[in-house]
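A.B. asks: Take this structure, written in structure tokens, and hold onto it; I'll ask about it next.
The values are calculated or read from the model by the stated rules, or taken from the named source; none is laboratory data. As the structure is a computational prediction, the values presented were derived from the model and not from experiment. Every residue, glycine as well, gets a Cβ built from its backbone with ideal geometry; the counts of neighbours run over all protein chains shown. Only protein heavy atoms, including side chains, enter the accessible area calculation; ligands, DNA and RNA are left aside. Shrake-Rupley method; radii C 1.70, N 1.55, O 1.52, S 1.80 Å.
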Amino acid sequence: MNNLVRILLVTVILISTKAVAQVTVSPVMALDQQVSNFVVNAKSMQVIPLPTSGSLQDSYRIKIDATNAVYKDITAYILDQRNLLMYQSGQAFSGLGYQKAIAPFIIQGSIPFTGPKFLILDNRYASIIAKKVNITIEAKLLLTSSQQQKTQQSFEALYTGLKKKLIFPDFNIRVEPCGQINAFSDSFGSGDIHYCTETISNLARTNNEGAFTAIFLHEVGHSLLGLWGVPGNNNEDIADEFATYVLMSSGPNGYALLNRSLEFWQGRDSLAEIQNMLTSGDRHSLSVQRIRNIKENMQRGEAFIKRWNTLIYPHATEETLYAIIKNPSYGDDVALAEKVISERK
Ligand SMILES: [Zn+2]
């Protein structure tokens, strides 16, 4: 074997044995949006802008359900900008939908035009009866490469921050549609995290960076406890505690993100969660319980942080431990950091 081949082989072996985290972002962003108790008065029409990337590949599945006791008919179409104007002025138009259809019904498909898209609900033909509708909008949008890149960079920044603080085998992060507002971790295996695009688009509507980060850290809790071989890796409340601990020990900015994340849980429907618990055996505590637990731990302050320090410091990087010893901040335990460092020598 000549030297060049040997060097190449060694390089290939080194590269293939070194685990490197990858963040992959699907070009398809899935959205799931509910509009409840929407009223379309008699003799009137409502236009609802739809989420769109502007691409021809955007596709929709919209369910219209009327809550009227008897009169459940309504006209509904998905239209692009030009056909909306034609529809409004009573000209021939092209769109997806139905005339005076009896709800519930579903409008499904793509619109073969670029640019903004709209859902119209037309009740102009009714002289007296208003229509009350619940609308479920599911959209699959094609991301531009810069939108994809921006999402990838947000996750890479979070991951790099963790890697600076903690020692753990690398895991991958996949951002993909999964049909629900959720995120998952392979906590008994690779530690890989699957973050659903439905969650990202839901949080983007309220610009809730706190919940975006807290949900990610919850999954990281599952992954790291699993990779470290610690019990509780599959426990939802412990994963919440991990996220709470990381944010609480990250200073005022972490606290602000944690507080903001509570708004997301406050907006969840506890009755729907109970239903889901009964039908699918969901292991998460109800959102009202999660809020209470997080708030209680925030109030426990240093006492809560110090308990978690005993689990986390043995996995902290030397850089982090020396920083704690040199310049301790709220909740830091200098004696414990010194002990961990001396045991490593
Ligand atoms: Zn979980």
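A.B. asks: With a ≥ b ≥ c the root eigenvalues of the C-alpha gyration tensor of region 31-142, is it rounded (a/c under 1.5), prolate (a/b larger than b/c) or oblate?
C.D. replies: Oblate shape, in that a/c is at least 1.5 and b/c is the bigger or equal ratio.
A.B. asks: Using the crude model of +1 on Lys and Arg Cβ and -1 on Asp and Glu Cβ, and no other charge, please compute the dipole size for region 247-345 relative to its Cα centre, in debye to 20.
C.D. replies: Computed charge dipole of region 247-345: roughly 120 debye.
A.B. asks: Something else about it: Label points 7 Å out from Cα along the Cβ direction at residue 45 and residue 100: separation in nm?
C.D. replies: 1.6 nm
A.B. asks: Let a ≥ b ≥ c be the square roots of the eigenvalues of the Cα gyration tensor of the chain; is it rounded (a/c under 1.5), or, if not, prolate (a/b larger than b/c) or oblate?
C.D. replies: The shape class here is prolate.
A.B. asks: If you don't mind, another one. Mind listing the long-range amide H neighbours of residue 96? Cut-off is under 5 Å, sequence gap 5 or more, other chains count too, H placed in the peptide plane at 1.01 Å from N.
C.D. replies: Here 78 satisfy the definition.
A.B. asks: Continuing with the same structure: Cβ under 12 Å from residue 292's Cβ, residue 292 left aside: what net charge do those residues give with Lys, Arg +1 and Asp, Glu -1? Mind showing how you got there, number by number?
C.D. replies: Numbers: positive: 290, 295; negative: 237, 240, 296.
Charge balance near residue 292 sits at -1.
A.B. asks: With unit charges on the beta carbons (Lys and Arg positive, Asp and Glu negative) and the dipole taken about the Cα centre of the chain, which residue among 267, 143, 243 sits farthest to the positive side?
C.D. replies: 143
A.B. asks: Can I ask one more? Would you list the membrane-span-like helices of the chain, meaning whole DSSP H runs whose alpha-carbon atoms span at least 24 Å along their axis and whose mean Kyte-Doolittle value is at least -1.0?
C.D. replies: TM-like helix candidates: 209-227.
A.B. asks: Can you work out the Karplus-derived ³J(HN,Hα) for every residue in region 25-30? Use 6.51 cos²θ - 1.76 cosθ + 1.60 with θ = phi - 60°, whole Hz, and x for glycine or proline.
C.D. replies: Result, rounded to whole Hz: 10, 5, x, 9, 9, 9.
A.B. asks: In region 145-300, with Lys and Arg counted as +1 and Asp and Glu as -1 at Cβ, which of these residues, 223, 187, 294, has the Cα nearest the positive end of the dipole, that is, farthest along it?
C.D. replies: 294
A.B. asks: Per residue of region 105-116, what does 6.51 cos²θ - 1.76 cosθ + 1.60 with θ = phi - 60° give for ³J(HN,Hα)? Whole Hz please, x for Gly and Pro, Karplus curve as stated.
C.D. replies: Once rounded to whole Hz, the list reads 8, 10, 10, 9, x, 10, 9, x, 9, 7, x, x.
A.B. asks: Would you mind computing, in nm to one decimal, how far apart the modelled labels at residue 295 and residue 234 are, each placed 7 Å from Cα along Cα→Cβ?
C.D. replies: Taking the simple label geometry, residue 295 and residue 234 are separated by 3.2 nm.
A.B. asks: Same structure, new question: Ranked from highest to lowest mean number of other Cβ atoms within 10 Å per residue, what is the order of the peptides 157-163, 304-310?
C.D. replies: Working: 157-163: 14.0, 304-310: 16.7.
Most protected by this proxy first, the peptides run 304-310, 157-163.
A.B. asks: Cα-Cα over 27 Å: which of 140/164; 163/306; 140/163?
C.D. replies: Numbers: 140/164 35 Å; 163/306 21 Å; 140/163 33 Å.
Pairs exceeding 27 Å: 140/164; 140/163.
A.B. asks: Can I ask one more? Treating region 145-300 as a set of equal point scatterers at the Cα positions, no solvent, please give the Debye-formula log₁₀ I(q)/I(0) at q = 0.11, 0.13, 0.20, 0.21 Å⁻¹.
C.D. replies: For region 145-300, the Cα-only Debye profile gives -0.41, -0.59, -1.54, -1.70.
A.B. asks: Quick query: amide H of residue 28 versus all other amide H atoms, modeled in the peptide plane; which residues come in under 5 Å with a sequence gap of 5 or more or a different chain?
C.D. replies: Sorted by chain and number, the residues that satisfy this are 143.
A.B. asks: So what is the calculated 222 nm ellipticity per residue for the chain, using -39500 (n - 2.57) for each DSSP H run with n of 4 or more, over all residues, to the nearest 500 deg cm²/dmol?
C.D. replies: One gets -14500 deg cm²/dmol as the mean residue ellipticity at 222 nm.
A.B. asks: Now for a separate question. Give the long-range amide H neighbours of residue 316: residues separated by 5 or more places, or on another chain, with amide H under 5 Å away, using H modelled in the peptide plane at 1.01 Å from N.
C.D. replies: For residue 316, whose amide H was placed from the backbone, the distant partners under 5 Å are 167.
A.B. asks: Sticking with this structure for a sec: Carbon-plus-sulfur fraction of the accessible area of the chain, 1.4 Å probe, in percent?
C.D. replies: Answer for the chain: carbon and sulfur cover 56 percent of the accessible area.
A.B. asks: Which order do the peptides 338-345, 217-224 come out in when sorted by mean C-beta neighbours inside 10 angstrom, highest first?
C.D. replies: 217-224, 338-345
A.B. asks: While we're looking at this one, here's another question. Can you tell me the length gained on complete extension of the stretch residue 307 to residue 207, counting 0.36 nm per residue apart and subtracting the Cα distance? Spell out each step's value before the answer.
C.D. replies: Values: separation 100, 0.36 × 100 = 36.00 nm, distance 3.21 nm.
That pair, residue 307 and residue 207, stretches by 32.8 nm at full extension.
A.B. asks: Taking 0.36 nm per residue of sequence separation and subtracting the Cα-Cα distance, how much length would be gained by fully extending the chain between residue 81 and residue 327, in nm to one decimal?
C.D. replies: 82.7 nm
A.B. asks: In square angstrom, what is the accessible area per residue of region 174-260 with a 1.4 angstrom probe?
C.D. replies: Values: 3110 Å² over 87 residues.
Result: 36 Å² of accessible area for each residue.
A.B. asks: I'd like to check one number: the per residue accessible area of region 59-119, probe 1.4 Å, reported in Å² as a whole number.
C.D. replies: I get 51 Å² per residue for this part.
A.B. asks: In the chain, what % of DSSP beta bridges are antiparallel (nearest 5)?
C.D. replies: Taking every DSSP beta bridge within the chain, about 85 percent pair in antiparallel fashion.
A.B. asks: Hey, another quick one. Please give the length that would be gained between residue 288 and residue 127 if that part of the chain were fully extended, namely 0.36 nm times their separation in residues minus their C-alpha to C-alpha distance (nm, one decimal). Please report the intermediate quantities before stating the final value.
C.D. replies: Numbers: separation 161, 0.36 × 161 = 57.96 nm, distance 4.39 nm.
Full-extension gain reported as 53.6 nm.
A.B. asks: Rounded, prolate or oblate: which one fits region 212-293, using the alpha carbon gyration tensor with axes a ≥ b ≥ c (rounded when a/c is under 1.5, else prolate when a/b beats b/c, else oblate)? Show your work: numbers first, answer last.
C.D. replies: Numbers: a/c = 2.67, a/b = 1.18, b/c = 2.27.
Oblate, since a/c reaches 1.5 and b/c is not below a/b.
A.B. asks: Please list, or write none, the aspartates and glutamates whose alpha carbon is within less than 13 Å of the alpha carbon of residue 72, excluding same-chain residues fewer than 8 places away.
C.D. replies: 122
A.B. asks: Which FRET efficiency value, to the nearest 0.05, do you get for residue 345 and residue 272 by plugging their Cβ-Cβ distance into 1/(1 + (r/R0)^6) with R0 = 51 Å?
C.D. replies: Efficiency for this residue pair is about 0.45.
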